[in-house]
Amino acid sequence: MSIRHGLLALLERGPRYGSQLRSEFESRTGATWPLNVGQVYTTLSRLERDGMVVQDGEDAAGHALYAITTEGRQELKNWYEAPVDRTSPARDELSIKLAMAVGAPGVDIRGVIQSQRHHTVKAMQDYTRLKSQALTAIEKAGAKGTQERDDVAWLLVLEQLIFQTEAEARWLDHCEARLIRLSAAVVPGAERTTAAPTAAAPAPLTTDH
């Protein structure tokens, strides 16, 4: 639903046309979640069907403009005020991959974890560099007495991505440590099971303990 509400948020600032909405959405989010024009117009059609936007004439270049309605403003207000539901998380490919890798024949699950950790840490470093650029842009704008909303919005998105990748890297460390501990607990048990028949014969071996 974020595309739907994101477009409503942009339309609250004034009438806009499809490709303009796409550009502004990507600018505000740093193109983290790129849109195509088809997605935008499909969403606009549904919003129009639901009475949340209306067509509002054309601009000088002939682009069809869309404007938010009273119903659309109320929907946007409700979205801002309601917390995002975390009780039904979206499917996470990495979690599913590791869950399927446990016990899978021929799969080195620790190798999967280490490969993913390398990728995750690199992504975190890239986001950190982009954060530095965003902070520089904000500082320059502040020195000029201006405030660029897109840079601030992009900074918030970047910081969320940094925290997310940091958490994922810690989780991967935890997964690997968990597997090591479980392996250490299981392997000695297996050794005792196979060693029992030979260890039972000589009595001195049992009495020394």
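FYI, it's all coordinate maths here, none of it is from the lab. Here the structure is a predicted model, which is why all the values come from computation and not from measurement. Glycine also receives a Cβ, built like all others from the backbone with ideal geometry; neighbour counts cover every protein chain displayed.
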Taking placed amide H atoms and a strict 5 Å upper bound, the residues 5 or more places from TYR17 or on another chain that come that close are TYR66
For region 127-133, what does the Karplus curve 6.51 cos²θ - 1.76 cosθ + 1.60, with θ = phi - 60°, yield as ³J(HN,Hα) per residue in whole Hz, taken in order and with x for Gly and Pro? 4, 5, 5, 5, 4, 4, 5
Between the Cα axis of helix 70-81 and the main Cα principal axis of the chain, the angle (0 to 90°, nearest 10) is 30 degrees
Note on the chain: contact order normalised by length, alpha-carbon pairs under 8 Å, 6 or more apart, percent, works out to 17 percent
Viscosity 1.306 mPa s, temperature 10 °C: what is the translational diffusion coefficient of the chain from Stokes-Einstein with a Kirkwood Rh over Cα pairs, rounded to a whole number of µm²/s? 72 µm²/s
Convert each backbone phi in region 19-26 into a coupling constant with the Karplus relation 6.51 cos²θ - 1.76 cosθ + 1.60 (shift: θ = phi - 60°), then list the ³J(HN,Hα) values in order as whole Hz, x for Gly and Pro. 5, 5, 4, 4, 4, 6, 4, 5
Under a 5 Å amide H to amide H cut-off, with H placed in plane at 1.01 Å, what residues pair with THR69 once short-range neighbours are removed? VAL53, VAL54
Burial ranking of peptide ranges 2-13, 51-62 (average Cβ count within 10 Å, highest at the top): 2-13, 51-62
Divide by every residue of the chain the summed helix terms, -39500 (n - 2.57) for each DSSP H run of at least 4, and state the resulting mean residue ellipticity at 222 nm, rounded to the nearest 500 deg cm²/dmol. -24000 deg cm²/dmol
Spin-label pair THR87/ALA64, simplified geometry with 7 Å Cα→Cβ offset, distance in nm: 3.9 nm
Between the alpha carbon centres of region 1-45 and region 111-167 the gap in Å comes to 22 Å
Within the chain, how many lysine pairs that are 8 or more places apart, or on different chains, have C-alpha atoms less than 28 Å apart? 5
Can you order the peptides 106-114, 41-49 by their average number of other Cβ atoms within 10 Å per residue, highest first? 41-49, 106-114
Starting from the Cα coordinates of region 9-108, work out the convex hull volume and express it per residue in Å³. 159 Å³
